[in-house]
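Attaching a single structure in structure tokens format; questions to follow.
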Amino acid sequence: MAIRDERYTHVQEFHIWSLSFKQTDVVELCFLMERRGTTVYPFRLLELLDCRLSEWSMKRLGKALATSYLTTLCLDYTLVGQEGLKGLLSGGLGSGQICSLSLCYCGLGSWSGTLLASLLTNGPVRELYINGNDLQCEGAIELLRPVAENSQKLAEIQNSTTSIKDETEAISQRNNITSSRRKKAKKKGKKTKKKSEKSKSGPDSSGGPRLEKLHMFDNSIDNSGTEGPSQLAQFLELLCILVKFSSQLTELDLGENHIGEDGGKMISEALRERQAAKLPSIKIEVSTRMSTETFGAILRSAKELKSGKKKRRAKGKMK
């Protein structure tokens with residue numbers, strides 16, 4: 001490649017569109033990504049848009065990502081498929097530094113939920129874009145379950161820690177009522193310092209799988225099918241847990257997934273509980289297939305999300 005020939009080490013982004021990769025092309029690309037040899041290329045972003053990659057290529061790419069500087073990987077409109085996604089993961093995608101992963105219109109089905117959940121659980125990915133796939137309720141449930149459960153667990157730990165601190169402070173104040181002002185001021189200073197130190201050494205809120213941005217626009221998440229209503233209810237339950245308890249969540253795109261009036265009310269209630277808990281506001285998009293009142297209530301409790309990824313939809317959804 002010209003980049004290697006010229007030893008150009010200042011490039012940080014690599015964009016490749018509509019290319020059918022040969023095996024030798026993949027090997028050359030991976031050599032550029034990997035941190036080895038006398039010349040290191042500090043790529044931070046790799047975009048392979050509408051490209052053709054074999055299963056072997058996916059696995060080789062995953063291996064390179066595990067030892068690269070990359071933090072963002074975009075494979076939009078590149079047919080990944082089940083074996084391709086398995087190849088990326090087995091190659092080592094989850095053990096690298098990728099924190100933003102985009103797999104929009106990549107032919108992902110309900111089977112991908114478990115694989116993506118494993119990636120979130122074992123890797124640093126915090127931004128996931130999977131617009132235009134076909135996860136359906138089944139895949140979305142598997143994807144959300146570990147993230148929602150972890151968010152709830154961390155919230156419970158945080159609340160428990162806060163309660164213990166408040167109780168300890170109350171007892172300490174009662175024991176010091178008869179102390180002199182000078183002594184009380186001195187102890188208060190020490191207590192404030194200890195409180196600050198404890199808060200720094202408290203439970204790590206970043207532990208376990210979590211998401212800051214989740215975009216799953218147009219993924220056939222609705223109540224269709226024989227188990228549709230029950231699966232949709234299960235998906236919404238997990239989603240609401242995430243909304244209510246995750247302090248890291250900043251963006252949620254559910255557009256063109258027809259969750260209905262009841263689903264809209266559940267999300268609206270979860271957003272109100274989030275506000276009551278004084279968690280940061282999130283940007284959200286949902287389908288308009290619900291009453292104007294419910295849709296308006298959602299937008300009053302959150303900020304409207306305007307995503308640019310869904311606009312590039314020339315090929316349609318690949319299944």
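The values are calculated or read from the model by the stated rules, or taken from the named source; none is laboratory data. Please read these numbers as outputs of a predicted model, since none were measured by experiment. With ideal geometry, Cβ positions are generated from the backbone for all residues, glycine too; neighbour counts draw on all protein chains shown.
Can we say Y129 is among the aromatic types (F, W, Y), in contact with a strand residue (DSSP E or B) (Cβ under 7 Å, 6 or more places away or on another chain) and buried (at least 19 other Cβ atoms within 10 Å of the Cβ)? It would help to see each step written out before you state the result.
Numbers: among the aromatic types (F, W, Y): yes; in contact with a strand residue (DSSP E or B) (Cβ under 7 Å, 6 or more places away or on another chain): yes; buried (at least 19 other Cβ atoms within 10 Å of the Cβ): yes.
Criteria met by Y129.
Please pick out the residue among S57, S112 that is at pLDDT 95 or above, within 30 Å of G228 (Cα to Cα) and of a type in the set (G, A, S).
S112
Check L103, L119 and return the single one that is within 22 Å of Q12 (Cβ to Cβ) and not assigned by TED's automatic domain parsing to the domain that holds W17.
The conditions single out L103.
Looking at the range 224-237, is at least one residue part of a loop (DSSP other than H, G, I, E, B), surrounded by 21 or more Cβ atoms within 10 Å (Cβ to Cβ) and over 21 Å from the mean Cα position of the chain (by Cα)?
No, every residue in the range 224-237 fails to be part of a loop (DSSP other than H, G, I, E, B), surrounded by 21 or more Cβ atoms within 10 Å (Cβ to Cβ) and over 21 Å from the mean Cα position of the chain (by Cα).
When you check L101 against the structure, is it at pLDDT 95 or above, part of a loop (DSSP other than H, G, I, E, B), over 14 Å from L29 (Cβ atoms) and aliphatic (A, V, I, L, M), yes or no?
The answer is no for L101.
For the subset of the range 22-70 comprising residues that are polar (S, T, N, Q) and more than 26 Å from Y105 (Cβ to Cβ), which member is surrounded by the fewest Cβ atoms within 10 Å (Cβ to Cβ)?
T38
Would you check which residues across the range 266-310 are surrounded by 16 or more Cβ atoms within 10 Å (Cβ to Cβ), at pLDDT below 95 and charged (D, E, K, R) and list them?
Within the range 266-310, K309, K310 qualify.
Which residues, taken from the range 28-86, are of a type in the set (S, T, Y) and within 22 Å of the chain's Cα centre (by Cα)?
Scanning the range 28-86 gives T67, S68, Y69, T71, T72, Y77, T78.
Of the residues L254, L271, which single one is among the hydrophobic types (A, V, I, L, M, F, W, C) and over 18 Å from Q136 (Cα atoms)? Reasoning before the result, please.
Working: L254 fails: over 18 Å from Q136 (Cα atoms).
Selected residue: L271, the only one of L254, L271 that is among the hydrophobic types (A, V, I, L, M, F, W, C) and over 18 Å from Q136 (Cα atoms).
Name the one entry in S180, S118 that is more than 22 Å from V243 (Cβ to Cβ) and at pLDDT 95 or above.
Answer to the selection: S118.
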